[in-house]
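As structure tokens, the structure follows; a few thoughts come after it.
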Amino acid sequence: MADDYNERGISYFNLKKYPEAIEQFTKAIKVVNNEPDYYFNRGLAYYSMKILDQAIKDYQKSVEIYPDHADYYNALGAALEDAGRLEEALEQFNKAIKLEGDVPDYYYNRGNLYWKMDNMEDALKDFNKCVRLNSTDQIFIYRRHELLVAMERYDQALADLDEALKLVPENYNYYIAKSEIYEKMAKYKDAVREIEEAQKFLPEPEALSPKKAELEEKME
């Protein structure tokens, strides 16, 4: 019966009917109160509704029942981070990585947290790690590029965007991002070239015409 409630909860969750999902997960917990996945699933529903205190409590209960599941720590870390409890979040991400050191998402999340804590060097180490673990995910590469721009390491950021474009060559946002970096470097001709590349893939290329004109004016 508890599994039935849990499965119904998952179905509601997938439909983004979070209150209904919570109701079903709660019923499952009332039947079997020592199954960590029931608390974890209810925590995910609370988290999706941004009810962070309840999500944290449920994730903590999952960890209490089964302390060797890395995903529980990762989810708990995310909820704590969103609640502004950054040091506690870091502790949970560290535990997740200690249990499973080959999951790129854990490094990605910890890297974002380090960046939020203004620890850019450690953030970069984590982004490097998740890219090494999965070099085919453009999201990891793009996020690292954003950090490199913030660190004013423009050549490395451009290299990341080139790698991202190899994976998704028609993503006009990456060309726009390259143009923005070249503009920061005062390389306006290169910036214009990247805008022109973006226009080839943009549904409404004229939307970039004002920016192109602005860059051309700077060239003069």
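Rule-based calculations on the coordinates, nothing more; no lab input. Quantities reported herein were computed from a predicted structural model and do not represent experimental measurements. Cβ coordinates were reconstructed from backbone atoms using ideal geometry, including for glycine residues, and neighbour counts include every protein chain displayed.
Structure summary
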item: Ranked ASP137, ASP53, criterion: other C-beta atoms within 10 Å, fewest first; result: ASP53, ASP137
item: Cβ charges +1 (Lys, Arg) and -1 (Asp, Glu), total dipole of the chain, debye; result: 260 debye
item: Degrees between helix 86-99 axis and first principal axis of the chain (Cα, 0 to 90, nearest 10); result: 80 degrees
item: Signed unit charges on C-beta, dipole axis of the chain, positive-most listed residue ALA83, GLN24, ALA164; result: GLN24
item: Neighbour-count ranking [beta-carbon atoms within 10 angstrom, fewest first] of VAL131, VAL32; result: VAL32, VAL131
item: Euclidean distance between Cα centres, region 204-220 to region 89-124, Å; result: 39 Å
item: Share of alpha-carbon pairs per 5 Å distance bin for region 135-220, given as whole %; result: 3, 17, 26, 22, 19, 11, 2, 0
item: Alpha-carbon centroid distance for the pair region 128-161 / region 1-44, whole angstrom; result: 38 Å
item: Total lysine pairs under 28 Å (Cα atoms) in region 1-124, excluding pairs fewer than 8 apart on one chain; result: 28
item: Residue order, fewest to most beta carbons within 10 Å, for TYR38, TYR66; result: TYR66, TYR38
item: The chain: angle of helix 2-14 to the longest principal axis, Cα-based, in degrees nearest 10; result: 20 degrees
item: Nearby lysines by direct alpha-carbon distance to LYS218 (threshold 28 angstrom, same-chain neighbours under 8 apart not counted); result: LYS178, LYS184, LYS187, LYS189, LYS200
